[in-house]
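Here is the structure we will look at, set down as structure tokens.
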Amino acid sequence: MPTEEELESMEARIAAASTGAWVPVLETRGATGGASCIQIAPATAVEDDEIYLSRFTNGEQVQVSPDLQLDADLDFIASARQDMPRLIAEVRRLRALLRGDSDRRHAAFVALRELGRSQDYRDRADAGRGLAAFADMQEVFGPLLELVLDPGDTFVTRVTAEAVLRRRDGIGLRIVASALAVADWSQSEWIHTAVRDVFGIFSEERDSAMQLCEEILQDPDERVALGARQLHEALAEIDPVLRPA
């Protein structure tokens, strides 16, 4: 993705180029009896302004109009004069949309994080469910871990752990592994319940989660690796209801 400075440099080159529409006149696409060129159409349409292209190799002209490759190059150069401003505008438009999406996602995260600090366990459980959808954001890891390890109500632990595990990806498993490594007995029991609820039906989902845990076992964070080992053991104890025929 080009930087803003690179876009500005492109715009400077465009501004320095001849103004007006650049129109390719190509002998291989409708012979006029002359040589292919780029006509630069002025606003007054009274000037005759044309650009011709020749190719030389070791000082010797190797392509003479009409020539398919020469015309393709002329077409590209002429079209770039009109295409580049449109492409730059589209890059900026998409960047603005991405910034807007990022701002909205951050605002949703902040609202859910605050809900997770509520004195009402139901609010904290709802925050856990909601934050699970944003677990790919780096700043969400901490608040989710706190909710899985909620000190006030194990209902919050179970609901949040289940929501995170239902992502069925390495991000969710890593959060739960981090929690398991330091969870007390009661929290650990409800986390294991969430693991059984999520991965107790389809063997493919259980097996995929075990493979992801094996990858997390290599995590340099000893706490995460320890929790991943516990999580892998919990998954191994599950006998899924449905297996491939």
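The values are calculated or read from the model by the stated rules, or taken from the named source; none is laboratory data. Model, not experiment: these values are computed from the prediction. Heads up, the Cβs are rebuilt from the backbone with ideal geometry, glycines too, and the neighbour counts pull from every protein chain shown.
Numbers at a glance
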{"item": "From the options Ser203, Ser186, residue that is surrounded by fewer than 19 Cβ atoms within 10 Å (Cβ to Cβ) and closer than 19 Å to Ala125 by Cα", "result": "Ser186"}
{"item": "Residue list for segment 159-171, restricted to those being farther than 11 Å from Val195 by Cβ, of a type outside the set (A, V, I, L, M, F, W, C) and assigned to a helix (DSSP H, G or I)", "result": "Thr160, Gly170"}
{"item": "Subset of segment 84-116 (residues that are of a type in the set (D, E, K, R) and loosely packed, with under 13 Cβ neighbours inside 10 Å)", "result": "Arg86, Glu90, Arg92, Arg93, Arg99, Asp101, Asp103, Arg104, Glu114"}
{"item": "Boolean, Val110 is closer than 30 Å to Phe141 by Cα, free of Cβ contacts under 8 Å to residues at least 60 places away in the same chain and β-branched (Val, Ile, Thr)", "result": "yes"}
{"item": "Filter result for Ile40 (of a type in the set (Val, Ile, Thr), in contact (Cβ under 8 Å) with a residue 24 or more places away in the chain, surrounded by 12 or more Cβ atoms within 10 Å (Cβ to Cβ) and farther than 30 Å from Pro143 by Cβ)", "result": "no"}
{"item": "Residue within segment 57-69 that is at pLDDT 85 or above and within 30 Å of Val91 (Cβ to Cβ) present", "result": "yes"}
{"item": "Unique residue being closer than 28 Å to Arg117 by Cα and touching a Leu at 6+ places or on another chain (Cβ under 8 Å) when the list is Ile201, Ile191", "result": "Ile191"}
{"item": "Those residues of segment 156-185 which are under 18 Å from Asp221 (Cα atoms) and more than 28 Å from the chain's Cα centre (by Cα), in sequence order", "result": "Leu180, Ala181, Val182, Ala183"}
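One line per residue, one yes/no per condition, for (1) part of a helix (DSSP H, G or I); (2) of a type in the set (S, T, N, Q):
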position	(1), (2)
Glu146	yes, no
Val176	yes, no
Thr193	yes, yes
Ser208	yes, yes
Glu214	yes, no
Asp219	no, no
Arg223	yes, no
Leu231	yes, no
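Yes/no per residue for (1) without any contact (Cβ under 8 Å) to a residue 60 or more places away in the chain; (2) on the phi < 0 side of the Ramachandran plot:
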{"site": "Asn58", "(1), (2)": "yes, no"}
{"site": "Asp73", "(1), (2)": "yes, yes"}
{"site": "Pro85", "(1), (2)": "no, yes"}
{"site": "Arg99", "(1), (2)": "yes, yes"}
{"site": "Glu114", "(1), (2)": "yes, yes"}
{"site": "Gly130", "(1), (2)": "yes, yes"}
{"site": "Ala135", "(1), (2)": "yes, yes"}
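Here is a yes/no grid of residues against (1) among the hydroxyl-bearing types (Ser, Thr, Tyr); (2) surrounded by fewer than 18 Cβ atoms within 10 Å (Cβ to Cβ); (3) in the same structural domain as Asp136 (by TED's automatic domain parsing):
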| site | (1), (2), (3) |
| --- | --- |
| Thr157 | yes, no, yes |
| Ala161 | no, no, yes |
| Val176 | no, no, yes |
| Ile191 | no, no, yes |
| Val198 | no, no, yes |
| Cys213 | no, no, yes |
| Leu217 | no, yes, yes |
| Gly227 | no, no, yes |
